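The values are calculated or read from the model by the stated rules, or taken from the named source; none is laboratory data. The structure presented is a predicted model; accordingly, all values stated were derived computationally and were not measured. Here the Cβ positions follow ideal geometry from the backbone for every residue, glycine too, while neighbour counts run over all protein chains shown.
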Amino acid sequence: MSHENHTFYLWINGQKVAGSEGRTFWVTNPATEEPVYEVHEATLNDVERAVQAAKTAFLDGRWSKLPLAERQARLNRFADLLEAHQDEIVEAESRQSGKPVKLVRYSDFPFSVDNLRYFAGQLRALEGQAQAEYNGAHSSWIRREPVGVVAGIAPWNYPIMMAIWKLAPALAAGNTMILKPASITPVTALMLGPIAQEAGIPDGVLNIIAGPGRIIGQALVEHPDVAMISLTGDTATGRQIMAAGAHRVKRLHLELGGKAPAIVLDDANLEAAIRGIAVGSLVNSGQDCTAATRAYVHRSRYQDFLDGIAQVYREVRLGDPLNLSTDLGPVVSQAQWQKIDSYVTNAATMGGRIVLGGGRPEHLPRGHYYQPTLITDVEQHWPIVQEEVFGPVLVVLPFDTDAEALAKANDVEYGLASSVWTENLRRGLWFSRELQFGEVWLNDHLPLTSEMPHGGVKQSGFGHDLSRYSLDEYTTVKHVMADMDNETVKGWHFTILGDVPE
């Protein structure tokens with residue numbers, strides 16, 4: 001891909017199309033603050049076109065009624081073609097989001113391809129209850145069926161990976177889809193349309209439209225022909241979608257915000273904890289709902305931990321995301337930069353101590369860069385501890401007992417991810433049971449795998465990405481019950497018609 005500007009179109013019913021009102025918008029590179037991609041903006045008209053294309057494709061069964069082996073083969077072909085387009089997708093992802101290219105090339109992209117291949121395999125292994133005559137007269141069995149038209153609303157922090165996390169299980173289950181990427185990072189999602197078509201995904205099965213969430217997203221949520229909404233985003237947006245979807249009893253899958261604690265016990269391998277939590281806090285410039293944001297460290301290890309992680313933070317290389325040696329790129333936008341800085345400034349005003357970082361690095365005057373920031377001397381109830389900052393910011397708090405660490409870790413409204421660092425398996429297992437989070441890592445923070453579920457509790461939402469549990473989200477359960485006795489008068493009919501048998 002050259003460095004020139006590129007224009008991207010909507011993908012509706014197997015075709016690149018301009019928005020019906022001819023409007024376009026620019027996607028800006030967060031590292032340079034320059035516009036790099038022109039994107040056609042969808043309107044309510046285009047939402048209707050996309051929904052009707054998906055509805056028609058679902059009703060005529062061009063995808064859902066394919067033999068499972070054929071559906072699997074086409075999804076695997078999709079994965080193969082993604083790999084063939086790796087270089088251009090990776091570069092576009094880095095340019096639109098500011099993500100370091102090494103993070104995309106060696107993490108986000110291969111995970112996306114793996115996820116597509118995983119669901120291609122799982123679609124042939126749906127589980128169901130055994131067929132049986134439970135009441136002695138009727139045989140019952142379960143059918144797993146696709147939901148119908150699914151709208152996937154993807155976030156800006158992992159544009160290509162979240163797009164695949166939504167479309168892979170949805171298509172594997174036989175649904176059709178309208179994918180709506182975030183307006184500030186829509187490019188790699190829009191690139192998927194022609195690749196899917198080349199792989200043999202029938203026209204209308206996957207539609208991709210870009211535009212403002214308050215208009216396009218809202219229209220998808222409220223549309224009567226959209227059976228399900230799958231959102232990855234912040235909790236406030238999740239609440240709005242729940243409220244809007246309630247009018248039509250819309251099926252929802254919501255993966256929302258997080259405020260992950262990392263608990264370092266007195267027996268932890270301190271060097272491993274320092275490095276692991278540093279990586280877990282800085283991934284994607286901290287713009288990750290599972291990122292380590294609160295480190296609770298036993299008082300006996302507190303100062304050593306603080307000194308060690310400050311040293312690691314000083315070694316982080318900020319710079320051009322397209323350079324393979326860059327560790328940390330910019331945050332996604334000036335608005336995000338200001339949000340992060342307001343939390344840091346507020347913490348300092350309230351009496352917190354900024355050990356390291358805060359604000360823009362001096363050697364990078366252009367771009368939305370924010371320094372890795374370490375804050376101590378904070379209180380549990382402060383916003384910097386309770387609320388999602390979504391930036392390269394870690395607060396460190398001491399504790400004296402396991403019970404205190406647990407209580408403070410659970411004392412937030414979120415419940416997505418957490419980690420515990422200890423050499424004592426029994427203590428680790430106790431924490432894994434008591435922590436109110438959808439994921440608990442022991443002696444690590446961040447790794448996920450296609451085979452295991454990812455989802456939260458409390459204000460972090462409900463439902464799961466990844467794993468065969470995700471297929472449950474995108475399928476419905478139908479009970480089929482068949483009479484086996486061929487009798488005109490059934491034994492239970494008297495309860496409605498006739499006398500009680502003597």
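Among the residues of the stretch 169-178, is there at least one that is closer than 24 Å to PHE25 by Cα and hydroxyl-bearing (Ser, Thr, Tyr)?
no
Could you give me the residue pairs with C-beta distances under 6 Å whose first residue belongs to the stretch 24-42 and is closer than 19 Å to ALA219 by Cβ and assigned by TED's automatic domain parsing to the domain that holds THR185, whose second residue is β-branched (Val, Ile, Thr) and part of a loop (DSSP other than H, G, I, E, B) wherever it lies, and which are 6+ apart or on separate chains?
ALA42/ILE209
Within the stretch 107-121, does at least one residue satisfy the condition of being out of contact with any Asp or Glu (no Cβ under 6 Å at 6 or more places or on another chain) and assigned to a loop (DSSP other than H, G, I, E, B)?
Within the stretch 107-121 (the criterion being out of contact with any Asp or Glu (no Cβ under 6 Å at 6 or more places or on another chain) and assigned to a loop (DSSP other than H, G, I, E, B)), the answer is no, since none of the residues qualifies.
Residue-wise test of (1) at pLDDT below 95; (2) closer than 23 Å to VAL332 by Cβ; (3) among the aromatic types (Phe, Trp, Tyr).
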{"residue": "LEU81", "(1), (2), (3)": "no, no, no"}
{"residue": "GLU91", "(1), (2), (3)": "no, yes, no"}
{"residue": "GLN96", "(1), (2), (3)": "no, yes, no"}
{"residue": "LYS102", "(1), (2), (3)": "no, yes, no"}
{"residue": "SER107", "(1), (2), (3)": "no, yes, no"}
{"residue": "VAL113", "(1), (2), (3)": "no, no, no"}
{"residue": "ALA125", "(1), (2), (3)": "yes, no, no"}
{"residue": "TYR134", "(1), (2), (3)": "yes, no, yes"}
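What strands (runs of 3 or more DSSP E) completely inside the stretch 166-285 contain at least 1 residues that are touching a residue at least 24 places away in the same chain (Cβ under 8 Å) and within 19 Å of ALA50 (Cβ to Cβ)?
176-180, 206-208, 228-232, 251-255
Considering only the stretch 122-133, how many residues are part of a helix (DSSP H, G or I) and loosely packed, with under 12 Cβ neighbours inside 10 Å?
0
Conditions tested, residue by residue: (1) at pLDDT below 95; (2) under 16 Å from TRP165 (Cβ atoms).
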{"residue": "PHE390", "(1), (2)": "no, no"}
{"residue": "GLU413", "(1), (2)": "no, no"}
{"residue": "GLU434", "(1), (2)": "no, no"}
{"residue": "GLY438", "(1), (2)": "no, yes"}
{"residue": "ASN443", "(1), (2)": "no, no"}
{"residue": "LEU448", "(1), (2)": "no, yes"}
{"residue": "SER470", "(1), (2)": "yes, yes"}
{"residue": "GLU473", "(1), (2)": "yes, yes"}
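Would you mind finding the one in GLY238, GLY245, GLY200, GLY213 that is surrounded by fewer than 24 Cβ atoms within 10 Å (Cβ to Cβ) and at positive phi?
GLY200
I'm trying to understand the selection: among the residues of the stretch 135-160, which are surrounded by fewer than 24 Cβ atoms within 10 Å (Cβ to Cβ) and under 22 Å from ASN29 (Cα atoms)?
Listed by number, the residues that qualify are PRO155, TRP156.
Can you name every residue in the stretch 63-74 that is farther than 18 Å from TRP11 by Cα and surrounded by 13 or more Cβ atoms within 10 Å (Cβ to Cβ)?
SER64, LEU66, LEU68, ARG71, GLN72, ALA73, ARG74
Given the structure, is LEU126 touching a strand residue (DSSP E or B) at 6+ places or on another chain (Cβ under 6 Å), more than 30 Å from LEU324 (Cβ to Cβ), touching a residue at least 12 places away in the same chain (Cβ under 8 Å) and not basic (Lys, Arg)?
So LEU126 fits the description; yes.
Output the residue which, of all residues in the stretch 286-318 that are of a type in the set (Asp, Glu) and surrounded by 13 or more Cβ atoms within 10 Å (Cβ to Cβ), is nearest to the chain's Cα centre (by Cα).
That would be ASP288.
Would the stretch 473-490 turn up any residue that is assigned to a helix (DSSP H, G or I), in contact (Cβ under 8 Å) with a residue 60 or more places away in the chain and touching a Leu at 6+ places or on another chain (Cβ under 7 Å)?
Looking for residues that are assigned to a helix (DSSP H, G or I), in contact (Cβ under 8 Å) with a residue 60 or more places away in the chain and touching a Leu at 6+ places or on another chain (Cβ under 7 Å), one finds none in the stretch 473-490, hence no.
Taking the residues in the stretch 83-119 that are more than 23 Å from LEU446 (Cβ to Cβ) and touching a residue at least 24 places away in the same chain (Cβ under 8 Å) as candidates, determine which candidate is surrounded by the most Cβ atoms within 10 Å (Cβ to Cβ).
Here the residue is ARG95.
Where residues in the stretch 293-309 are hydrophobic (A, V, I, L, M, F, W, C) and in contact with a Pro (Cβ under 8 Å, 6 or more places away or on another chain), which of them is farthest from LEU416 (Cα to Cα)?
My answer is VAL297.
If you go through the stretch 307-333, how many residues are in contact (Cβ under 8 Å) with a residue 40 or more places away in the chain and not in a loop (DSSP other than H, G, I, E, B)?
Going through the stretch 307-333 one residue at a time, the tally reaches 6.
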